[in-house]
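Some notes on the structure that comes next.
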Amino acid sequence: MISALLLAAGQGSRMNYQAKALLSLGHTTFVQHALQQLADAGMDEIILVTGAQRGAVWGAAVQQAADDSVQRPPLREAHNPNYQTGILSSIQTGLQAVHPQSEAVLITLVDLPFLKAEDYRAASDHWRCGDAYTLLRAWSEGQPAHPVIIPLAYFSQIMEQPPSDKGCSFLFKKYPERVRFHEVARGRIDIDTIEDYHAHITS
């Protein structure tokens, strides 16, 4: 069982404080699009980690679920009131909400609108070729990217870490021999600024 952690907690200070999760993407929003892709990829459950503008972000997610007549994986919210301390606190918040039978978590970000279901599915399939200690690191254009997959064996180490904006990169540095790299062509095109949004989405 793989649980997906969709991190959507950021306030978007470089987006004029517009929550990136609520940005328009055609007829949908970033968060709705990401949830759709994760569901289509066959994730066993999805944990949406909220922070800033919690009500609106979770409301958009619930609205999508209500409008979708197709059976989808369980969707739960994990709210991180300390999201400003960095991305690691959101991962820790999400881990506390995963199903007890989860073998691993696939971690991705809400501001990666070009990741598709096939990218998540391929990453999951690649991870399953390893073992209970395999760490999957997406790679794009010669640089670390998303998604990443981290098995249960490392959850306790993640929970013990102090606040950081480095996510789980410490694990990949600590256990390089356990890392499987997976090429994801669109894994580094994130939307960090309003300029990024206009260049990649509205142009």
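So which residues in the stretch 38-58 are open to solvent by 30 Å² or more (accessible area, probe 1.4 Å), in contact (Cβ under 8 Å) with a residue 12 or more places away in the chain and in a helix (DSSP H, G or I), if there are any at all?
Asp40, Arg54, Ala56, Trp58
Take residues that are over 17 Å from Leu38 (Cα atoms), open to solvent by less than 30 Å² (accessible area, probe 1.4 Å) and at pLDDT 90 or above and tell me which of the helices (runs of 4 or more DSSP H) falling wholly in the stretch 100-203 contain 2 or more.
155-159, 169-174
Determine if the stretch 95-110 includes at least one residue that is within 24 Å of Leu25 (Cα to Cα) and without any contact (Cβ under 8 Å) to a residue 60 or more places away in the chain.
No, the conditions are met nowhere in the stretch 95-110.
Scanning for something within 18 Å of Cys168 (Cβ to Cβ), open to solvent by less than 10 Å² (accessible area, probe 1.4 Å) and not in a helix (DSSP H, G or I), does the stretch 87-97 turn up at least one residue?
no
Suppose we filter the stretch 21-37 for residues that are surrounded by fewer than 23 Cβ atoms within 10 Å (Cβ to Cβ) and in a strand (DSSP E or B); how many remain?
The total comes to 3.
What do you reckon, is Asp67 at pLDDT 80 or above, farther than 22 Å from His198 by Cβ, open to solvent by 50 Å² or more (accessible area, probe 1.4 Å) and not aromatic (Phe, Trp, Tyr)?
no
List the pairs whose first member sits in the stretch 73-94 and is among the β-branched types (Val, Ile, Thr), whose second member is open to solvent by less than 30 Å² (accessible area, probe 1.4 Å), and whose Cβ atoms are under 6 Å apart, counting only residues at least 6 apart or on separate chains?
Ile87/Gly167; Thr93/Val49; Thr93/Ala78; Thr93/Asn80
Name the pairs whose Cβ atoms lie under 6 Å apart, with the first residue in the stretch 11-31 and over 14 Å from Ile201 (Cα atoms), the second modelled with pLDDT of 80 or more and of a type in the set (Lys, Arg), and 6 or more positions between them or separate chains?
Qualifying pairs under 6 Å: Gly12/Lys20.
The values are calculated or read from the model by the stated rules, or taken from the named source; none is laboratory data. Fair warning: this is a prediction, and the values are worked out from it, not measured in the lab. No Cβ is skipped: glycine too gets one built from the backbone with ideal geometry, and neighbour counts run over all protein chains shown. For accessibility, only protein heavy atoms count, side chains too; no ligands or nucleic acids. Shrake-Rupley method; radii C 1.70, N 1.55, O 1.52, S 1.80 Å.
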